[in-house]
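Each remark here refers to the structure printed beneath this line.
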Amino acid sequence: MKRLLITLVVLLVLAACLPAASPVDPRQLTFAPMAFTVPPVDQITLPNGMRLYLREDHELPMVRISGMFDGGALSEPDDKVGLTDLFGSTLRIGGAGERGPEEFDQALEELAINLSASVDSYATNFSLSARAADLEPALELLADMVRRPQFAPQRIEITRQQMLEGIRRRNDQPGAVASRLFRETLYAGHPFGRTPSVASVTAIERADLLAFQQRFFHPDNLWLAISGDFERADLLRKLTAVFGDWATGAPKKQVVPAVTTQAQGRVLVTDKDLPQTTVMIGELGIRKDNPDVYAVQVMNFILGGGGFNSRLMREIRSNRGLAYSVYSGFRPGRRLPGVFYAGCETKSASTLEAIDLLRAELRLMRDQPVGSEELVLAQESLINSFVFSFDDSHAVVSQSMQLDFYDYPPDYLSRYRERIAAVSITDVQRVAQTYLHPDQQLLVLVGKVDSFDRAPESLNLPVTNVSLD
């Protein structure tokens, strides 16, 4: 026993004499290359034209459904802007089939079915989640909503009053004011530039909602993405039971008016008694089918889309302390040109200083090649974050559906990482020179003009003072 104790003491002394392990610098860690393949999706078209995107996933006893009809806010009449907002809100809550609004709500609640609907510029969207055991009644309720909506007048009026209250209060938030002016000016004269008014929302009638539904809600104008705990044959049988007798309707196609690109070099100023100024700067951008879209994404990451890894954040927040958040975005349009935007919020007395720095970074991106480390960081971040776009089975099927809906190339997902990796330093500077025009961009300022560090006219751009209604 004594010998054992002596041995343990000697070992402990020797261990204490060994050098401590050096802390590992996380930046020096190395990992095996990420291997990821886009999961396959089962695609079917039913005899009546309904397009299905299916992926079974039996991990949880749930089924999720997303759907899209090709018809959105682009189709609103000029004198009834807001129609699709009212449509999207009351489609779900307005009753359907033989059930009034309260009965329909109760039927969903009893089965814990989550069902919602909304309308964006191009499409009417809906989503449903339910227990796998309740799939059949869930599909019946969904079919009632899209095929036989009631649009109960009392629910329309409730939603209308909510929209009117939103219009009355839409100038409360400076960020919302800046975004609205930015959009209305860049897309002036186009449906994208319209904003609902008290008059346009008041003019909408129930018959308008029914007409919109009858125009676009047809099986051959419907895309459905379904994932979860189902068996393919059983699902098709249940879908056929509720949608099989829905005849093809030859929906009237949505017209997509062209956007006229023009120089937007001007400053819009809205005087508002606030301690800080909201700044937005930008111009019209590109469509998703532009071959430069990958180089533009890399360029934007380096400029202002990469958070704390971006130049704008580093210079305006970290080095100068002028803003808590500063950003840029290059949003490719799905069927029409999207927008490039950048902006920040800064105290009134540093408004023009922040704008000068922001525009200087835009010019620098055009005038000088980016560094190789910046390029690699942007590419790796975009490629690695791509994987998280598929964090569950439903993300896989819904993305596949949306890509087909918007006519993305068939190999978009499978070659996305390869195309990002192929972007060069020369490509980044070329797209910056092609698509960034700091001297021709629109600037929107919402803040207390008297407290600015100097007059907006010093930017050498036409200045327009905008009064809020």
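The values are calculated or read from the model by the stated rules, or taken from the named source; none is laboratory data. Predicted model, so just to flag it, every value in this text is computed and none were measured. All Cβ positions, glycine included, derive from the backbone under ideal geometry; neighbour counts span all protein chains shown. Just so you know, the surface numbers come from the protein's heavy atoms only, side chains and all, with ligands and any DNA or RNA stripped out. Shrake-Rupley method; radii C 1.70, N 1.55, O 1.52, S 1.80 Å.
When you go through Arg415, Arg430, Arg454 one by one, which is the residue that is outside any helix (DSSP H, G or I), of a type in the set (D, E, K, R) and either touching a Cys at 6+ places or on another chain (Cβ under 7 Å) or open to solvent by 20 Å² or more (accessible area, probe 1.4 Å) (or both)? Working first, answer last.
Values: Arg415 fails: outside any helix (DSSP H, G or I); Arg430 fails: outside any helix (DSSP H, G or I).
One residue alone meets the criteria, Arg454.
Across region 66-99, what is the number of residues that are farther than 26 Å from Thr202 by Cβ and open to solvent by 10 Å² or more (accessible area, probe 1.4 Å)?
5
Given the condition in contact with a helix residue (DSSP H, G or I) (Cβ under 9 Å, 6 or more places away or on another chain) and of a type in the set (S, T, N, Q), answer yes or no: does some residue in region 225-241 qualify?
Yes; the residues of region 225-241 include at least one that is in contact with a helix residue (DSSP H, G or I) (Cβ under 9 Å, 6 or more places away or on another chain) and of a type in the set (S, T, N, Q).
Conditions (1) among the basic types (Lys, Arg); (2) touching a Ser or Thr at 6+ places or on another chain (Cβ under 9 Å); (3) over 30 Å from Leu74 (Cα atoms), marked per residue:
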| site | (1), (2), (3) |
| --- | --- |
| Ala295 | no, yes, no |
| Leu312 | no, yes, yes |
| Gly333 | no, no, no |
| Ala342 | no, yes, no |
| Glu345 | no, yes, yes |
| Leu357 | no, no, yes |
| Leu375 | no, yes, yes |
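Got at least one residue in region 234-244 being free of Cβ contacts under 8 Å to residues at least 12 places away in the same chain, part of a loop (DSSP other than H, G, I, E, B), farther than 24 Å from Ser467 by Cα and open to solvent by 70 Å² or more (accessible area, probe 1.4 Å)?
No, the conditions are met nowhere in region 234-244.
Determine whether region 96-107 contains at least one residue that is over 23 Å from Asp404 (Cα atoms), in contact with a strand residue (DSSP E or B) (Cβ under 7 Å, 6 or more places away or on another chain) and of a type outside the set (Gly, Ala, Ser).
Looking for residues that are over 23 Å from Asp404 (Cα atoms), in contact with a strand residue (DSSP E or B) (Cβ under 7 Å, 6 or more places away or on another chain) and of a type outside the set (Gly, Ala, Ser), one finds at least one in region 96-107, hence yes.
Limited to region 167-187, what total is found for residues that are surrounded by 14 or more Cβ atoms within 10 Å (Cβ to Cβ) and either at positive phi or among the small types (Gly, Ala, Ser) (or both)?
3
Working carefully through the options Asp172, Asp229, find the one that is without any contact (Cβ under 8 Å) to a residue 40 or more places away in the chain and of a type in the set (D, E, K, R).
Selected residue: Asp172, the only one of Asp172, Asp229 that is without any contact (Cβ under 8 Å) to a residue 40 or more places away in the chain and of a type in the set (D, E, K, R).
For (1) at pLDDT 95 or above; (2) within 19 Å of Leu181 (Cβ to Cβ); (3) of a type in the set (D, E, K, R), each residue gets a yes or a no:
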site: Thr195; (1), (2), (3): yes, yes, no
site: Ala199; (1), (2), (3): yes, no, no
site: Arg206; (1), (2), (3): yes, no, yes
site: Ser227; (1), (2), (3): yes, no, no
site: Ala241; (1), (2), (3): yes, no, no
site: Ala250; (1), (2), (3): no, no, no
site: Gln254; (1), (2), (3): no, no, no
site: Thr270; (1), (2), (3): yes, yes, no
site: Thr278; (1), (2), (3): yes, yes, no
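Mind checking which residues of region 367-376 are surrounded by fewer than 16 Cβ atoms within 10 Å (Cβ to Cβ) and assigned to a helix (DSSP H, G or I)?
Asp367, Ser372, Glu373, Val376
Scanning for something open to solvent by 40 Å² or more (accessible area, probe 1.4 Å) and either in contact (Cβ under 8 Å) with a residue 24 or more places away in the chain or not acidic (Asp, Glu) (or both), does region 100-110 turn up at least one residue?
yes
Residues to consider are Ser385, Ser389, Ser381; find the one that is open to solvent by less than 50 Å² (accessible area, probe 1.4 Å), without any contact (Cβ under 8 Å) to a residue 60 or more places away in the chain, under 30 Å from Met280 (Cα atoms) and out of contact with any strand residue (DSSP E or B) (no Cβ under 8 Å at 6 or more places or on another chain).
Every option except Ser389 fails the conditions.
If you take the residues of region 204-220 that are touching a helix residue (DSSP H, G or I) at 6+ places or on another chain (Cβ under 9 Å) and part of a helix (DSSP H, G or I), which of them is most open to solvent (accessible area, probe 1.4 Å)? Walk me through it before giving the result.
Applying the first criterion (touching a helix residue (DSSP H, G or I) at 6+ places or on another chain (Cβ under 9 Å)) to region 204-220 yields 204-206, 208-209, 212-213, 215-217, 219.
The next check asks that each one be part of a helix (DSSP H, G or I); those that pass are 206, 208-209, 212-213, 215-216, 219.
Details: Arg206: 97, Asp208: 36, Leu209: 1, Phe212: 15, Gln213: 17, Arg215: 67, Phe216: 1, Pro219: 0 Å².
Top of the filtered list is Arg206.
Just to verify a result, which residue in region 184-198, among those that are touching a residue at least 60 places away in the same chain (Cβ under 8 Å) and in a helix (DSSP H, G or I), is nearest to the chain's Cα centre (by Cα)?
Taking region 184-198 as the starting set, the residues that turn out to be touching a residue at least 60 places away in the same chain (Cβ under 8 Å) are 185-187, 189-192, 194-197.
Remaining after also requiring in a helix (DSSP H, G or I): 185-186, 191-192.
Working: Thr185: 21, Leu186: 19, Pro191: 19, Phe192: 16 Å.
Per the criteria, the residue is Phe192.
Within region 318-329, does at least one residue satisfy the condition of being open to solvent by 30 Å² or more (accessible area, probe 1.4 Å), under 26 Å from the mean Cα position of the chain (by Cα) and not aromatic (Phe, Trp, Tyr)?
Within region 318-329, one or more residues are open to solvent by 30 Å² or more (accessible area, probe 1.4 Å), under 26 Å from the mean Cα position of the chain (by Cα) and not aromatic (Phe, Trp, Tyr).
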